[in-house]
DNA sequence: CAGTATCCACTTAGATACTG
DNA sequence: CAGTATCTAAGTGGATACTG
């Protein structure tokens, strides 16, 4: 069909982009950590139960409380994908009201450190970015 | 109105999250670099006109060609926001068909280096993540 | 307690066509 | 060449209600 050309082009460019993603680990990493809740969960687990600063396990409801405003859907979804990727572990204790806790793995801990590095860079340079935004606004027509 | 409570809650939690973003530079940084085209443009400019590896200025159409599949809308939009934040510069030469070229600033160069660091981490650990995904799939019920 | 399932609203990317 | 304007389609987060 001639009318399908546009759709085909779209599919092709999408496929090309997917192929690109397949060989570009940094894009995949970005896709993972740029998720709003991923970094928050990682940070929460990396900071420990009561923000002690020492990584430790936390329960589902504990995380839900810490990440104020997260819906159960997103929390579960994010937790699952992190577990799936081996960044966190999920432990179930068969108590009467079942107890589930999550903890960073070695790999997750490593990613957490990476994020801290990112944070350091951001704190060092974001103010500069913000300053540029301001000045740009100032001399706007 | 009683029926507005849900909307109000939503607005409040959104406001709370925005307030959080306001004081969390790393989240803002992530928001910026996790954009699909941002990293690609930064990488393109950081790798130079013909992927020589040396950062250099590139023209609009040159970027459009390099980032296969980008729509003019997204290219312009991303370029503008990067310029706005002082990460790239835009130079116009008043030739007959007007010539516009983009180049990384010091700050942009710095971010580019950051992204390269991210890439290094990703290349070192993403295969591990992928391996975890595989094994998880393997022992699935 | 720790989720699961469903629906809805909103953001946002992309196609397309037009302009200086 | 280097954009701008507009419209539409789709992915995605969030609210809500229900379950073991």
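The values are calculated or read from the model by the stated rules, or taken from the named source; none is laboratory data. Please read all numbers here as calculations on a predicted model, not as lab measurements. Backbone-built Cβ (ideal geometry, glycine too); neighbour counts: all protein chains shown.
Scan the stretch A:100-121 for residues that are part of a helix (DSSP H, G or I) and within 16 Å of DNA strand D (Cβ to nearest atom) and jot them down. Walk me through it before giving the result.
Filtering the stretch A:100-121 for residues part of a helix (DSSP H, G or I) gives A:106-121.
Answer for the stretch A:100-121, where residues must be part of a helix (DSSP H, G or I) and within 16 Å of DNA strand D (Cβ to nearest atom): there is none.
Taking the condition buried (at least 17 other Cβ atoms within 10 Å of the Cβ), closer than 30 Å to residue B:130 by Cα, within 14 Å of chain B (Cβ to nearest Cβ) and touching a helix residue (DSSP H, G or I) at 6+ places or on another chain (Cβ under 9 Å), does residue A:109 pass?
yes
Name the helices (runs of 4 or more DSSP H) wholly within the stretch A:1-47 that hold at least 1 residues that are on the phi < 0 side of the Ramachandran plot, at pLDDT below 75 and within 11 Å of chain B (Cβ to nearest Cβ)?
In the stretch A:1-47, the matching helices (runs of 4 or more DSSP H) lie at A:5-23.
Give the stretch B:68-99 a look and list any residue that's within 14 Å of chain A (Cβ to nearest Cβ), more than 10 Å from DNA strand C (Cβ to nearest atom) and not in a helix (DSSP H, G or I), or say none.
B:68, B:85, B:86, B:87, B:88, B:89, B:90
For the structure I just gave you, tell me whether residue B:59 is more than 15 Å from DNA strand C (Cβ to nearest atom) and surrounded by 13 or more Cβ atoms within 10 Å (Cβ to Cβ).
The answer is no for residue B:59.
If only one of A:79, A:87 is modelled with pLDDT of 95 or more and within 15 Å of DNA strand D (Cβ to nearest atom), which one is it?
That would be A:79, the only listed residue that is modelled with pLDDT of 95 or more and within 15 Å of DNA strand D (Cβ to nearest atom).
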